[in-house]
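Enquirer: Got a structure for you, written out below as structure tokens; questions coming shortly.
The values are calculated or read from the model by the stated rules, or taken from the named source; none is laboratory data. Worth saying up front: this structure is predicted, and the values here are computed from it rather than measured. Every residue, glycine as well, gets a Cβ built from its backbone with ideal geometry; the counts of neighbours run over all protein chains shown. Quick note on the areas: whole protein, heavy atoms, side chains included, nothing else; ligands and nucleic acids left out. Shrake-Rupley method; radii C 1.70, N 1.55, O 1.52, S 1.80 Å.
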Amino acid sequence: MKTICILNLKGGCAKTTTAVSMAELLAAGFERDGIKVLKSRVLLFDNDKQGNASRLFEVYQNEKESPAAAVLKTGSMAGNIRQTKIKGLDIVPCNYFMELAELAVKGDAENTQHLRFRRALEEVKEKYHYCIIDNAPDLGMNVINALVAADEIIIPVNLDCYAMDGLEELVAQVEYIRQLNRKTRLSGVLITDYEKSDTSGAAETWLRTKSGLPVFDAVIRHSRKVCESTFYKKTPISYSVRSGAAQGYKSFVKEYLLKQEEKGAQ
């Protein structure tokens, strides 16, 4: 099982949209530019206390401790996985009880704090091909656990000043946490919510040529369908597969998989 963290310290960068779209496309399979992507077994781990991914798949509960919080506290996946309506896609739901779970873990001086998710995911590594972790926009104990468990990190980013300024700090923080997990690597930066302008063009050029970071060729274009899809509790792909965002995510996942094949052949 390959574990992928979707991460950015800034909110509003389409982390959840990227996580759920990637998870759905990998689980359902698709064809893009003559290349057929086969169906995979996918576990989506909602690691954001806002629970937006959980709400989308209609498994959000606000009155009791969420499965994600339980995983953080116990280091076990047992009884914490829920099915979604998409065949081959399961989810670990989250809610605001994650804050209490973080406090409990920080106060636990007897047990290792940062290996909870890694141990839990070891229990199910034979059941799934991929685990996609949708993270909160911070570096709380739950996100540190996700990074320690991750094989790869994908950073969605909007081309605005605040996001670009925060990117360097985020990469520095990731490099620091890599001391706890040397196997993880930055798979790439994904440009999201893209609207063509002179400013965004200049920002994209800098990101691709000056930042020193790997950047996916695929770009997720701005689409009002993304916002509309949330009201119907659907991913952009399920809501409007022909939208620019849905097609962009298809291109992104295809590119990601091709890079994996190239890396495996080396």
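Enquirer: Counting only heavy atoms of the protein chains, get the accessible area per residue of the range 3-57 (1.4 Å probe) and round it to a whole Å² value.
Expert: Ligands and nucleic acids excluded, the figure is 32 Å² per residue.
Enquirer: For Lys210, what accessible surface area do you get with a 1.4 Å probe? Give it in Å², rounded to 10.
Expert: Approximately 150 Å² for this residue.
Enquirer: Okay, next question. What does the accessible area of Ile144 come to, in Å² to the nearest 10, when a probe of 1.4 Å is used?
Expert: About 40 Å², rounded to the nearest 10.
Enquirer: Test of the criteria: in the range 87-163, which trypsin sites (Lys or Arg not before Pro) are in a DSSP loop and have at most 14 other Cβ atoms within 10 angstrom of their Cβ?
Expert: Of the trypsin sites (Lys or Arg not before Pro), the ones in loops of the range 87-163 whose Cβ has at most 14 other Cβ atoms within 10 Å are Lys87, Lys125, Lys127.
Enquirer: Have a look at Thr209, Thr17, Thr235 and tell me which one the Gaussian network model of the chain (Cα, springs below 10 Å) gives the largest fluctuation.
Expert: Thr209
Enquirer: Compare Lys183, Lys196, Lys234 by solvent-accessible area with a 1.4 Å probe and give them largest first, with all protein chains kept in place. Walk me through the numbers before you get to the answer.
Expert: On the way: Lys183 115, Lys196 180, Lys234 90 Å².
From most accessible down to least: Lys196, Lys183, Lys234.
Enquirer: If you don't mind, another one. Given a 1.4 angstrom probe, I'd like the percentage of the accessible area of the range 1-147 that is carbon and sulfur, rounded to a whole number.
Expert: 48 percent
Enquirer: Still on this structure: From the Cα gyration tensor of the range 40-128, with a ≥ b ≥ c the square roots of its eigenvalues, which class applies: rounded if a/c is under 1.5, or else prolate if a/b is larger than b/c, or else oblate?
Expert: Note, shape of the range 40-128 comes out oblate.
Enquirer: Using a cut-off of 21 Å between alpha-carbon atoms, which lysines can reach Lys39, once sequence neighbours fewer than 8 places away in the same chain are excluded?
Expert: Lys2, Lys85, Lys87, Lys125, Lys127, Lys234, Lys250, Lys254, Lys259, Lys263
Enquirer: Would you please classify the overall shape of the range 193-232 from the alpha carbon gyration tensor, given that a ≥ b ≥ c denote the square roots of the eigenvalues, rounded means a/c under 1.5, and beyond that prolate means a/b larger than b/c while oblate covers the rest?
Expert: It comes out prolate by the Cα gyration axes.
Enquirer: Can you tell me how much longer the chain between Tyr96 and Lys259 gets when fully stretched, taken as 0.36 nm per residue apart minus their C-alpha distance, in nm with one decimal?
Expert: 55.1 nm
Enquirer: Another question, then. With both bridge residues required to lie in the chain, what share of the DSSP beta bridges run antiparallel, to the nearest 5%?
Expert: Given both bridge residues lie in the chain, the antiparallel proportion sits at roughly 15 percent.
Enquirer: Given springs between every Cα pair under 10 Å in a Gaussian network model of the chain, which of Arg41, Arg55, Arg242 has the largest fluctuation?
Expert: Arg242
Enquirer: Rolling a 1.4 Å sphere over the protein heavy atoms, what is the accessible area per residue of the range 129-266, to the nearest Å²?
Expert: Per-residue value: 49 Å².
Enquirer: On to the next question. Can you give the FRET efficiency to the nearest 0.05 for Gln61 and Phe231, using r as the Cβ-Cβ distance and R₀ = 25 Å?
Expert: So the FRET efficiency works out to roughly 0.80.
Enquirer: Follow-up question, since we're still on this one. Is any helix in the chain, taking whole DSSP H runs, at least 24 angstrom long along its axis by alpha carbon and on average at least -1.0 on the Kyte-Doolittle scale, and which ones?
Expert: On the way: long enough: 161-177 (25 Å, 0.47); 244-265 (32 Å, -0.80).
TM-like helix candidates: 161-177, 244-265.
Enquirer: Which three extents, in angstrom, do the Cα atoms of the range 165-266 have along their principal axes, listed largest first?
Expert: Result, largest extent first: 42, 34, 25 Å.
Enquirer: Turning to a different aspect of this structure: Within the range 1-148, what percent of beta bridges assigned by DSSP are antiparallel, to the nearest 5?
Expert: 25 percent
Enquirer: Another question about this same structure. Heavy atoms of the protein only, probe of 1.4 Å, neighbouring chains included. What is the accessible area of Tyr176 in Å², nearest 10?
Expert: Counting only protein heavy atoms, Tyr176 exposes about 150 Å² to solvent.
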